[in-house]
């Protein structure tokens with residue numbers, strides 16, 4: 001635990017994650033861990049640029065900053 005606190009105070013802890021999620025959002029695979037928001041946002045944008053058929057999530061610890069949901073999973077009349 002003290003190693004994690006040391007990394008947090010030094011600003012080196014990887015707290016930003018880009019993940020691919022399954023259709024019902026119950027399982028996630030981390031495809032990137034980052035120390036800075038900008039790097040995570042670039043990876044998120046790279047993964048979602050072609051409108052993939054998978055969910056892509058960018059988060060900081062438990063806070064979700066961006067969540068891409070493919071058209072095939074969107075419900076009509078609901079803005080996600």
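Derivation of every value follows stated rules applied to the coordinates shown; laboratory data play no part. These figures come from a predicted structure and were not determined experimentally. Neighbour counts are summed over all protein chains in view; Cβ atoms, including those assigned to glycine, are modelled from backbone coordinates with ideal geometry.
Looking across the stretch 56-73, the residues that are part of a loop (DSSP other than H, G, I, E, B) and surrounded by fewer than 14 Cβ atoms within 10 Å (Cβ to Cβ) come down to 61, 62. Of all residues in the stretch 17-55, those being in contact (Cβ under 8 Å) with a residue 24 or more places away in the chain, in a helix (DSSP H, G or I) and under 14 Å from residue 68 (Cβ atoms) number 5.
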